[in-house]
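Here the structure comes first, spelled out in structure tokens, and everything after it is commentary.
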Amino acid sequence: MAKKLWGGRFSKKTNPLVEEFTSSISVDKELAFYDVIGSILHIAVLKEAGLVSKVEYSKIDRALKEIKKSIESGNFKVDDKSEDIHSDIQNKLENKIGKVAMKLHTARSRNDQVVFDVKFYSGQSCADVVTLIAELAKTILNFSNKVKKINIPGYTHLQHAQPVSLANYFLSYYEMLMRDGNRIVSFGDRIKLSLGSGALAGTVIDVSKYNKAITSACKKLGLKFGEQIFSVDNSIDNVSDRDFVIEALSALAIIGMHLSRLAEDLIIWSTSEFGFIELDDAFCTGSSLMPQKKNPDVLELIRGNTGKLYGNLMSVLVMMKGLPLAYNRDMQLDKEPLFSSFKIIKDELKILSKLIPKIKINESNINEQLKDESLYATDIAHYLVTKGIAFKEAHKIIGNLVRFSLNNKIKIKDMTNEQLNKFSQFLNQKIINKLMDPVYSVKSKKSIRKKQ
Ligand code: ARG
């Protein structure tokens, strides 16, 4: 194990199994950038508080900025033997500038550092997700516009229900994505970055020094945190809670659930049985045994990933339950699920933005299904309502008509006026033909505000 941030109190070397078991470097190396920024801000605070000299500050600040540069250029390599990313960066600093680096850890704790890092990471990742949601929403809007003349059978219980426009179908996902985006934005707005909790009790440095030093250091770094105030409201709360992780995982799980439902419909629609759509070859995979196969694996993985997203949320919810305040090592386990969920959602949003515009619609197969007369039963019942019949009565009349049609294997469209009149004096062939038209049916629905 590389040099630790602790050890003076111990008379024995750590058992290697313990080192391996407690190490988090393989996961939290993702936080390198955020951690080094936290350190750059912290050293500015120490200078402001007079806890390091100007010379010491300059040395440490310069070395930290070199580390930052190496992270940004992709040259940064963690030492796998470091306990975590915080220790790794501290060790690198010591290797660069020697003993003076040890002053950096004045008035700070990894408990404080890790919260800062994870909050910073979450805020940035939120911004990425919002951009990707906006891209997918735009893709869906464009695609809906392209297919706005196409109608499909709408389903409830996966049974034919009523005709709907394909645009109406896709735009439902536009609405879901808008809410998903809002959830992420409002979560991002609640994230409050702070320094100064120490291990749990706060530090000896005045709030005003934190704010002054951090504001000017952020300016120098070109970091824009808006109206963010960096001082801690409550030091114990800041190092103890991971509600922000849970909120992120929950918002991401909801996005995953939406994308999974979309994936499922597209999978069903691309089956030989439905044949409503064809997915582009570039977004499918084949079978090693069956030469004819073209499988919707991308969509299946989007559906399958939902299990991981829910699992990630559950694991942190359960991990946090019952932890005594303040920091406990259990909380180290929040990062793997958090990183995993952000990655899954970013990947899914990216791939769907490319897959959707390439979907081919098989209108003839859809039109075949639109011939199903049951799709128009509700419209016919409503027609009777316009003639003064109570809806419950109309529902029963058309229910009987459908049953008669099915039992006698005679299409409603093929019934004579005499036969139709037995169900209602208002029914005749002309009106049936008019109502059993998907275009007419969709156009007759006036309650939907048009998006385009
Ligand atoms: N790697 C640790 C984590 O992610 C950092 C905090 C360690 N703090 C401590 N008191 N052991 O939670």
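Between region 140-213 and region 302-319, how far is it from one alpha carbon centroid to the other, in angstrom?
Centre-to-centre (Cα) distance: 18 Å.
Which value, in debye to the nearest 20, gives the size of the charge dipole of region 44-102 about its Cα centre, when Lys and Arg are +1 and Asp and Glu are -1 at the Cβ?
Taking the Cα centre of region 44-102 as origin, the dipole is about 340 debye.
Just to confirm a number: summing +1 for Lys and Arg and -1 for Asp and Glu over residues other than A217 whose beta-carbon lies under 10 angstrom from that of A217, what do you get?
+2
Pop a pseudo-label 7 angstrom from the Cα along the beta-carbon direction at both T14 and F391 and give the gap in nm to one decimal.
Taking the simple label geometry, T14 and F391 are separated by 6.7 nm.
Just add up the charged neighbours of I432: K/R +1, D/E -1, any other residue whose Cβ is under 15 Å from the Cβ of I432.
Net local charge, I432 excluded: +1.
Sorted from fewest to most neighbouring beta carbons within 10 Å, what does the list S364, S240 look like?
S364, S240
Place the peptides 110-119, 309-318, 406-415 in order of packing, highest mean first, counting for every residue the other Cβ atoms within 10 Å and averaging per peptide.
110-119, 309-318, 406-415
Between D281 and I150, what is the FRET efficiency for a Förster distance of 30 Å, r being their Cβ-Cβ separation, to the nearest 0.05?
The calculated FRET efficiency here is 0.85.
How would you rank 34-42, 88-96, 249-257, highest first, on the average number of other Cβ atoms within 10 Å across their residues?
Numbers: 34-42: 24.7, 88-96: 20.8, 249-257: 22.4.
Result, highest mean Cβ count within 10 Å first: 34-42, 249-257, 88-96.
With a 10 Å radius around each residue's Cβ, average the other Cβ atoms per peptide and rank 61-69, 298-306, highest first.
With the highest mean Cβ count within 10 Å placed first, the list reads 298-306, 61-69.
Among V52, C126, V18, which residue has its Cα furthest toward the positive end of the charge dipole of region 13-126, with +1 on Lys/Arg Cβ and -1 on Asp/Glu Cβ?
Farthest towards the positive end: V52.
Taking the radius of gyration and the Kirkwood hydrodynamic radius from Cα positions alone, what is the Rg/Rh ratio for region 185-279, to two decimal places? Could the numbers behind the result be given before it?
Values: Rg = 22.3 Å, Rh = 17.1 Å.
For region 185-279, the value is 1.31.
Short version: ³J(HN,Hα) in whole Hz for each residue of region 427-433, in order, from phi by Karplus 6.51 cos²θ - 1.76 cosθ + 1.60 (θ = phi - 60°), x for Gly and Pro, what are they?
8, 8, 4, 4, 5, 4, 4
In region 241-359, if the dipole is taken from +1 on Lys/Arg beta carbons and -1 on Asp/Glu beta carbons about the Cα centre, which of L279, S353, L323 is farthest to the positive end?
The residue sitting most towards the positive pole is L323.
How big is D, in µm² s⁻¹, for the chain by Stokes-Einstein at 25 °C and 0.890 mPa s if Rh is the Kirkwood radius over C-alpha pairs?
92
Using each residue's phi in region 309-316, evaluate 6.51 cos²θ - 1.76 cosθ + 1.60 at θ = phi - 60° and report the 3J(HN,Hα) Karplus result to the nearest Hz, with x for Gly and Pro.
Taking θ as phi minus 60°, the curve returns 4, 5, x, 4, 5, 4, 5, 6 Hz for region 309-316.
What ³J(HN,Hα) values, in whole Hz, does the Karplus curve 6.51 cos²θ - 1.76 cosθ + 1.60 give for region 277-288 when θ = phi - 60°, with x put for Gly and Pro?
Taking θ as phi minus 60°, the curve returns 9, 10, 7, 5, 3, 5, 10, 10, 10, x, 10, 6 Hz for region 277-288.
Among the listed pairs K81/K343; K413/K434; K47/K209, give every one whose C-alpha distance is greater than 20 Å.
Cα-Cα > 20 Å for K81/K343; rest within.
If we count every other residue with Cβ under 13 angstrom of I397's Cβ, Lys/Arg +1 and Asp/Glu -1, where does the sum land?
+4
Report the charge-dipole magnitude of region 353-399 in Debye, nearest 20, computed about the Cα centre from +1 at each Lys and Arg Cβ and -1 at each Asp and Glu Cβ.
240
Mean residue ellipticity at 222 nm from the helices of the chain, using -39,500 (n - 2.57) per DSSP H segment of n ≥ 4 over the full residue count, to the nearest 500 deg cm²/dmol? Walk me through the numbers on the way to the answer.
Working: 18 runs with 270 residues, N = 452.
Mean residue ellipticity at 222 nm (helix-derived): -19500 deg cm²/dmol.
Starting at 0 and stepping by 10 Å, how many percent of the alpha carbon pairs of region 401-452 end up in each bin?
The calculated distribution, bin by bin, is 22, 42, 23, 11, 2.
For V164, what residues show an amide H to amide H distance below 5 Å, using hydrogens built from the backbone and excluding near sequence neighbours?
For V164, whose amide H was placed from the backbone, the distant partners under 5 Å are I152, G154.
Using the Cα centre as the reference, give the magnitude of the dipole from point charges on the C-beta atoms of the chain (Lys, Arg: +1; Asp, Glu: -1; all else neutral), rounded to the nearest 20 debye. Don't jump to the answer; show the numbers that get you there.
Numbers: 67 positive and 52 negative charges, 194 e Å.
Rounded to the nearest 20 debye, it is 920 debye.
Using Cα centres only, tell me the gap between region 369-423 and region 56-72 in whole Å.
So the separation of the two Cα centres works out to 78 Å.
Quick note: the coordinates plus some simple rules give every number you see, no bench work behind them. Remember, it's a predicted structure, so these values are computed and weren't measured experimentally. As a convention, Cβ positions derive from the backbone with ideal geometry for all residues, glycine included, and neighbour counts pool all protein chains shown.
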